[in-house]
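Only the coordinates and a few stated rules stand behind these numbers; no lab work does. Treat the numbers as computed from the prediction; the structure is a model and nothing was measured. Cβ sites come from the backbone with ideal geometry, for glycine too, and all protein chains shown count toward neighbours.
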Ligand SMILES: [Zn+2]
């Protein structure tokens, strides 16, 4: 499917993972957080806080 700039997409929640750690949720890096704050201030991120996985704002 080709990219179509006329189609608006929105996201409620994101999660970051790494191919070398398939069972682990990782934190978005500083650059990603900055972009999320600027372009999607209401988006939620799924994070792993010790043994608890939770959804929170950037
Ligand atoms: Zn990043």
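Take the chain, drop everything but the C-alpha atoms, weight them equally and run the Debye formula without solvent; then report log10 I(q)/I(0) at 0.19, 0.20, 0.23 Å⁻¹ to two decimals. Those come out to -0.78, -0.84, -0.99, one per q.
Please figure out what share of the DSSP beta bridges in the chain is antiparallel and state it in percent, rounded to the nearest 5.
Values: 9 of 12 bridges.
If I count the DSSP bridges inside the chain, around 75 percent turn out antiparallel.
Between the helical axis of 30-39 and the longest alpha-carbon principal axis of the chain there is an angle of about 40 degrees. For residue 16 and residue 3, the difference between the fully extended length at 0.36 nm per residue and the C-alpha to C-alpha distance is 2.5 nm. Structural descriptor for the chain: relative contact order 31 percent, calculated from alpha carbon pairs under 8 angstrom and at least 6 residues apart.
Ranked from highest to lowest mean number of other Cβ atoms within 10 Å per residue, what is the order of the peptides 43-50, 22-29, 8-15? All intermediate terms of the calculation are to be shown ahead of the outcome.
On the way: 43-50: 13.9, 22-29: 11.0, 8-15: 9.5.
Going from most to least packed, we get 43-50, 22-29, 8-15.
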